[in-house]
Amino acid sequence: MSDYYCHHYQAYHDETVSIDPEPFLGAFVRQLAPGDHVLDVGCGSGRDLFWMQQKSLAVTGFERSPGLAKLAREHAGCSVLEGDFTTYNFTPLAVDAILMTGALVHVPYDRLPGVLGNILRALNPASPRRIVYLSLKEGEEAATDSRGRVFYFWQEADLVRLLAGCGMEVLDFQRSLSADGTGQPWLGFVLHHQAFR
C-alpha cells in the first residue's frame, strides 16, 4: 500500500475534511440507533467520525497513517486506533457497524475478500445491527495517479457477488460522483452482515 498518506497526511486532511458526508452516508446512519458503536476504518481526517458523533453514535477510528490518526483525534475528539487493516486483530472491538468510505480503494482484487473478512471480525456477533458501509471507485482495471497511488476499480455486479460471498446482504446502493469535484463515479453499499456463530 502506498505511503502517500503517511508522508502527505496534512495535504490529504485539508483536501477532505470539509466534505459533507450526508449525501453518501445518510442511508448508512439511518440503519443505526443512537448509541450504536461504529468503527471507521481508514478514518483519514476524522471528518466522518465527527459527523457521526453529531448523529448520537459512539465512534472509534482506525488509521494506518500516524499523522492522519493524530489529526483525526484532534478533529473528532475520539479514540483512533493505529494499524494495518490487513493484519490487525479486530475481534475484540465488538462494534455494531463498520464504515469503510473509500478505505479499500488501494486493495488488489484478489486480496479484497481476505481484507474484508479480517475487518468484519470487528462486528459484535450479538449486535442486532451488524451494518457495514463500503464505497469503492467504479471503472475497469487499475490505474496509478499522479501521486503514485494505485487505485483498483470495480463494477457493481462483481462487487455484489463478492459481498454475497462474504456473508453480506445489500440494503441500499448508491452510484454517485466524487464529492471532491473530480467527476469520478463511486459505488456505495449499505450492507447487513450475517453473524456466524
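Expected output is a single nm value to one decimal: the length gained when fully extending between VAL170 and ASP158, i.e. 0.36 nm times separation in residues minus the C-alpha distance. What is it?
Between VAL170 and ASP158, full extension yields 3.0 nm more.
Rounded to the nearest 0.05, the FRET efficiency derived from the C-beta distance between GLN184 and THR86 at R0 = 22 Å is 0.35. Annotation: extensible slack from ASP145 through LEU177 equals 9.7 nm (criterion: 0.36 nm per residue apart, minus Cα-Cα distance). So for the chain, what percent of the C-alpha to C-alpha distances run longer than 31 Å? The answer is 9 percent, as a whole percent.
Sequence-distant contacts, meaning Cα pairs under 8 Å at least 6 residues apart, place the relative contact order of the range 63-158 at 26 percent.
Net charge in the neighbourhood of ILE131 (other residues with Cβ under 15 Å of its Cβ; Lys, Arg +1, Asp, Glu -1) is -2. The local environment of PHE151, defined by Cβ-Cβ distances under 13 Å, has a net charge of -1 under the rule Lys, Arg +1 and Asp, Glu -1. Nonpolar atom fraction for the chain, defined as the carbon and sulfur part of the 1.4 Å probe accessible area, stands at 50 percent. For the chain, the relative contact order works out to 19 percent when only alpha carbon pairs closer than 8 Å and six or more residues apart are counted. When both bridge partners sit in the chain, DSSP labels roughly 50% of those beta bridges antiparallel. Net charge of the neighbourhood of THR101, taken over other residues with C-beta under 13 Å away and scored Lys/Arg +1, Asp/Glu -1, is -4. In loop segments of the range 64-149 as defined by DSSP, the trypsin sites (Lys or Arg not before Pro) with at most 12 further C-beta atoms inside 10 Å of their C-beta are ARG147.
The values are calculated or read from the model by the stated rules, or taken from the named source; none is laboratory data. This is a predicted model, so every value here is computed, not measured. Cβ sites come from the backbone with ideal geometry, for glycine too, and all protein chains shown count toward neighbours. Please note that ligands, DNA and RNA were not included when accessible areas were found on the heavy atoms of the full protein model with its side chains. Shrake-Rupley method; radii C 1.70, N 1.55, O 1.52, S 1.80 Å.
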